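Everything below concerns the one structure shown next.
The values are calculated or read from the model by the stated rules, or taken from the named source; none is laboratory data. None of these values were measured; they are calculated from a predicted model. Methodologically, a virtual Cβ is constructed for each residue, glycine included, from the backbone with ideal geometry; neighbour enumeration extends over all protein chains shown. For the accessible areas, the whole protein counts, side chains as well, though only heavy atoms, and no ligand, DNA or RNA atoms are used. Shrake-Rupley method; radii C 1.70, N 1.55, O 1.52, S 1.80 Å.
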Amino acid sequence: GRFSLQHAMAEALINRTLNRESFKERNLRDPAFNAIADKVEVQVDPDASDRRKLGGTVEIDLSDGRTVSHTVDNMRGMPQNPLSESDLIIKFRSN
C-alpha cells in the first residue's frame, strides 16, 4: 500500500492527509478506501523527464460530469517548494 498511488489518492480524498497511519492494515483492507482506489487511473506524463522537478497533476472526474484538477510543479519539501517550519514539525510528529 505504501507504494500504491491508488491507495494514496484514496487516503488523501477520505482523510485529507497521508502519514504512517494511512498504510495500516485496517486502511488497506477498508472497502471505502478500496472502492476509491479502484477508480484511480495513472497516466505517466511523457514530458515529465526533469527528475529535479517532481511535480504532477491530479484530475478528478465527478459524478455530475465536471472535472476538477490541481497541478503542483514541485512537490512540497523540494528546494523549489520548501516546507515551512510549522509544516515540517507537523510532518515529523505525524510520522
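Checked against (1) at pLDDT 90 or above; (2) loosely packed, with under 10 Cβ neighbours inside 10 Å; (3) closer than 17 Å to Thr71 by Cα, Pro31 meets all criteria but (3).
Among the residues making up region 4-18, those that are open to solvent by 50 Å² or more (accessible area, probe 1.4 Å) and among the hydrophobic types (A, V, I, L, M, F, W, C) are Leu5, Leu13, Ile14, Leu18. On inspection, Ile36 qualifies as on the phi < 0 side of the Ramachandran plot, in contact (Cβ under 8 Å) with a residue 24 or more places away in the chain and touching a helix residue (DSSP H, G or I) at 6+ places or on another chain (Cβ under 7 Å).
Within region 34-50, the set of residues being among the aliphatic types (A, V, I, L, M), open to solvent by less than 80 Å² (accessible area, probe 1.4 Å) and more than 14 Å from the chain's Cα centre (by Cα) comprises Ala35, Ala48.
From the list Glu21, Glu25, Glu59, Glu85, the one residue that fits, being open to solvent by 100 Å² or more (accessible area, probe 1.4 Å) and within 16 Å of the chain's Cα centre (by Cα), is Glu59. Of all residues in region 62-74, exactly one satisfies the criterion of being open to solvent by 100 Å² or more (accessible area, probe 1.4 Å) and under 18 Å from Leu5 (Cα atoms), namely His70.
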